Amino acid sequence: MTYAHRMPFGAEILDKRQVRFRLWALKADEVSVELPSNTFPMSRLDKGWFELITSEVRPGTPYQFRIDQGCSVPDPASRYQPLGVHGPSEVVDPRAFAWKHTDWRGRPWEEAVLYELHVGTFSREGTFAGAERKLDYLAKLGITAIQLMPISSFAGKRNWGYDGVLPYAPTTCYGRPEDLKHFIDTAHSKNLMVFLDVVYNHFGPEGNYLHLYSPQYFTDRHRTPWGQAINFDGPESRPVRDYFIHNALYWIEEYRVDGLRFDAVHAIYDESRPDFLTELAETVRKTTGQDRPIHLVLENNQNAAHYLSGNPRNAPHCYTAQWNDDIHHAAHVLLTDESDGYYGDYSGEPATHMGRCLAEGYSFQGQKSAYRRGRARGEPSRDLPASCFVSFLQNHDQVGNRAFGERITSLADSSKIKVALAVLLLAPPPPMLFMGEEFGASTPFQFFCEFDAELASKVREGRRSEFARFVEFGSPEAQTRIPDPNSEDTFLRSKLDWACLESPLHAAWLRLYQDLLACRRREIVPRLKDIQTGRAEFAVLGSKAISVVWPLLGGSNLILLANFGDQKARMPKVSESLVLYTTADDCSSSLQKRKMPPLSVAWLIKP
């Protein structure tokens with residue numbers, strides 16, 4: 001069986017062996033399709049659209065759009081860029097790929113255990129095919145969903161992916177479109193979902209030609225950390241909104257991804273109603289997901305709860321879940337005692353923040369944030385299901401945005417890390433791992449890119465100035481120690497070292513993750529449907545210990561006791577409870593004495 005998403009723009013293969021080219025170019029007077037052997041003028045349509053239908057083109061043909069007899073540019077809806085973002089686009093027939101596992105029906109969100117990976121550094125090859133060879137390993141680990149960092153075409157041969165400029169075209173350094181489809185098809189055969197990270201808040205700084213022929217893609221009404229905002233709510237914004245909504249549909253329908261993670265939606269500015277995010281979710285829910293569940297996940301540091309719902313199928317404007325930065329920050333402070341930057345908001349009472357996250361979703365639900373100069377942050381989330389909040393101890397941001405890209409294992413004692421893992425991997429919110437953390441990877445994950453010389457210098461200096469406010473990097477000499485993002489060595493250092501799994505230390509970390517995820521699958525997931533939303537309670541048992549109780553249908557309770565501290569902690573009475581998992585050597589004795597041992601966790605069911 002084959003799959004294709006029909007788009008109102010770009011190069012579309014029609015019936016009778018014809019190809020239709022269509023481009024929105026409000027600024028242009030003339031547009032032509034430039035082929036290797038000929039150039040064809042496009043007809044002007046209404047509202048800035050240009051179109052050409054021809055029988056002179058076949059799949060695999062390179063093409064560009066020539067604007068006003070001047071520069072030639074790639075198709076903004078290109079399905080593939082064989083020579084990179086500055087070269088010609090390629091006509092792709094999406095129906096040329098035959099999917100084998102068309103009986104795939106997805107997995108429910110309650111089973112989600114996500115694994116975030118960067119294709120270029122995950123395997124030695126740094127390709128879709130290289131990642132595909134690790135699928136059996138990931139299935140054995142116990143994850144259920146692979147989340148790929150952005151794979152859309154970007155400038156250069158290495159990048160985190162958030163500098164993409166052609167959101168429909170998988171970057172050539174990872175492989176061809178059919179290689180990505182083969183990866184997804186194979187993942188489905190192993191009962192693994194595939195999520196894709198998409199960036200709708202900005203375009204990268206190199207290789208974006210939209211301003212040459214349609215500056216209406218951008219607006220000066222709003223500003224983002226990356227410059228001009230994308231025009232989602234101003235004049236001529238309808239084609240812009242359609243461009244990104246079709247992109248979401250394209251990945252779901254043509255590539256059969258099971259979910260999308262939307263990067264930094266707090267940097268999407270839209271004062272219209274319905275706003276872009278609401279319209280996008282409504283369109284996806286109405287258009288896709290009839291034969292399998294589609295999961296939509298947000299990153300939003302404003303803790304905007306109104307986009308979330310416990311049942312997206314019954315609330316078509318809603319998203320499935322959101323990354324919960326609060327729970328990461330609270331856990332990080334409990335493990336490291338760091339208080340720089342945003343960690344300062346959590347350093348006073350980290351156990352309280354952790355308990356509130358586990359019981360209520362966000363910790364900041366409208367409270368003032370000192371880090372944000374006293375501004376209120378967040379919306380009430382207590383009445384949302386725990387499934388709405390993705391928890392994690394590491395991710396690409398929290399590792400890679402450190403000066404040297406250190407992982408948590410180089411910042412905290414392993415015994416404390418194991419406490420956090422026993423909490424986050426078994427708690428009701430769906431957990432996420434960052435590639436390599438499951439075997440205690442010693443390789444860093446650093447910020448890397450490859451831009452032209454002038455832009456590379458700006459990125460390097462910008463990276464250094466970003467850390468100048470830290471005492472450690474207060475001098476220019478100290479700042480030179482920060483890895484150069486444009487150096488190939490920075491990229492190579494970030495590649496996972498799979499050979500380290502032969503070490504007993506790293507093998508032991510892997511067994512711990514496998515055991516915890518097996519326990520989650522066996523003991524926690526079957527009970528998630530019975531958790532009574534909005535009724536969880538938490539208590540702080542000393543400076544670094546907490547208890548959390550989730551009432552279940554039928555009258556029983558799921559109970560967590562966790563002590564992140566070095567001293568025993570007084571615990572509530574939990575007699576007649578069944579122990580699901582514990583790190584304590586003599587949990588029964590501890591329960592009777594109501595004393596939680598240092599650095600220990602217990603998960604219980606109380607009838």
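The values are calculated or read from the model by the stated rules, or taken from the named source; none is laboratory data. None of these values were measured; they are calculated from a predicted model. Methodologically, a virtual Cβ is constructed for each residue, glycine included, from the backbone with ideal geometry; neighbour enumeration extends over all protein chains shown.
Those residues that are within 11 Å of Glu34 (Cα to Cα) and either at pLDDT 95 or above or aliphatic (A, V, I, L, M) (or both), I need them from the stretch 58-70; list them, please.
Of everything in the stretch 58-70, those that are within 11 Å of Glu34 (Cα to Cα) and either at pLDDT 95 or above or aliphatic (A, V, I, L, M) (or both) turn out to be Thr61, Pro62, Tyr63, Gln64, Phe65, Arg66, Ile67.
Give the residue that is farthest from Ile230 (Cα to Cα), with candidates limited to residues of the stretch 134-188 that are among the hydrophobic types (A, V, I, L, M, F, W, C) and assigned to a loop (DSSP other than H, G, I, E, B).
Filtering first and then ranking leaves Ile143.
Give just the number: which of (1) crowded, with 16+ Cβ neighbours inside 10 Å; (2) not in a helix (DSSP H, G or I) does His101 not satisfy?
(1)
Only strands (runs of 3 or more DSSP E) wholly contained in the stretch 1-91 count here; list those with 1 or more residues that are out of contact with any helix residue (DSSP H, G or I) (no Cβ under 6 Å at 6 or more places or on another chain) and either within 19 Å of His246 (Cα to Cα) or assigned by TED's automatic domain parsing to the domain that holds Ala169 (or both).
10-13, 19-24, 49-54
Kindly list, by first and then second residue, each pair from a residue in the stretch 23-42 that is without any contact (Cβ under 8 Å) to a residue 12 or more places away in the chain to a residue that is buried (at least 20 other Cβ atoms within 10 Å of the Cβ) and outside any loop (DSSP other than H, G, I, E, B), limited to pairs with Cβ atoms under 6 Å and residues at least 6 apart or on different chains.
Correct list of pairs: Pro41/Ser32.
Tally up the residues in the stretch 424-480 that are under 23 Å from His118 (Cβ atoms) and polar (S, T, N, Q), please.
Total satisfying the criteria: 3.
Consider Leu249 against the criteria (1) farther than 26 Å from Gly106 by Cβ; (2) touching a residue at least 12 places away in the same chain (Cβ under 8 Å): it satisfies all of them except one. Which criterion is unmet?
(1)
Looking at the stretch 505-520, can you tell me whether even one residue there is over 26 Å from Ala145 (Cα atoms), without any contact (Cβ under 8 Å) to a residue 24 or more places away in the chain and not polar (S, T, N, Q)?
no
So in the stretch 62-74, with the set limited to residues that are surrounded by fewer than 19 Cβ atoms within 10 Å (Cβ to Cβ) and touching a residue at least 40 places away in the same chain (Cβ under 8 Å), which one is nearest to Pro88 (Cα to Cα)?
Cys71
Scanning the stretch 106-128 for residues that are closer than 18 Å to Pro177 by Cα and touching a His at 6+ places or on another chain (Cβ under 8 Å), which turns out surrounded by the most Cβ atoms within 10 Å (Cβ to Cβ)?
His118
Among Val194, Val165, which is surrounded by 19 or more Cβ atoms within 10 Å (Cβ to Cβ) and within 16 Å of the chain's Cα centre (by Cα)?
Answer to the selection: Val194.
Against the condition out of contact with any helix residue (DSSP H, G or I) (no Cβ under 8 Å at 6 or more places or on another chain) and outside the structural domain of Gly310 (by TED's automatic domain parsing), how does Glu461 come out, does it pass?
yes
Restricting attention to helices (runs of 4 or more DSSP H) lying wholly within the stretch 295-414, give those where 3 or more residues are touching a strand residue (DSSP E or B) at 6+ places or on another chain (Cβ under 6 Å) and aliphatic (A, V, I, L, M).
Per the criteria, 350-360.
Quick one: Ser503 ticks every box in (1) of a type in the set (S, T, N, Q); (2) in contact with a Leu (Cβ under 8 Å, 6 or more places away or on another chain); (3) farther than 24 Å from Met432 by Cα except a single one, so which number is it?
If we test Ser503 against (1) of a type in the set (S, T, N, Q); (2) in contact with a Leu (Cβ under 8 Å, 6 or more places away or on another chain); (3) farther than 24 Å from Met432 by Cα, just (2) comes out false.
Any idea how many residues of the stretch 560-580 are in contact (Cβ under 8 Å) with a residue 60 or more places away in the chain and surrounded by fewer than 20 Cβ atoms within 10 Å (Cβ to Cβ)?
1
What are the residues in the stretch 17-46 that are under 35 Å from the mean Cα position of the chain (by Cα), surrounded by fewer than 16 Cβ atoms within 10 Å (Cβ to Cβ) and of a type in the set (Lys, Arg), if any?
Lys27 - this is the single residue of the stretch 17-46 that is under 35 Å from the mean Cα position of the chain (by Cα), surrounded by fewer than 16 Cβ atoms within 10 Å (Cβ to Cβ) and of a type in the set (Lys, Arg).
Where residues in the stretch 296-330 are small (Gly, Ala, Ser) and in contact with a Cys (Cβ under 7 Å, 6 or more places away or on another chain), which of them is farthest from Asp275 (Cα to Cα)?
Here the residue is Ala330.
Please tell me if His222 is surrounded by fewer than 19 Cβ atoms within 10 Å (Cβ to Cβ), more than 16 Å from Pro74 (Cα to Cα), at pLDDT below 95 and over 19 Å from the mean Cα position of the chain (by Cα).
Yes, satisfied.
Looking only at the stretch 464-497, which residues are without any contact (Cβ under 8 Å) to a residue 40 or more places away in the chain, of a type in the set (A, V, I, L, M) and either touching a helix residue (DSSP H, G or I) at 6+ places or on another chain (Cβ under 7 Å) or under 12 Å from Ala403 (Cα atoms) (or both)?
Selection gives Ala468, Ala478.
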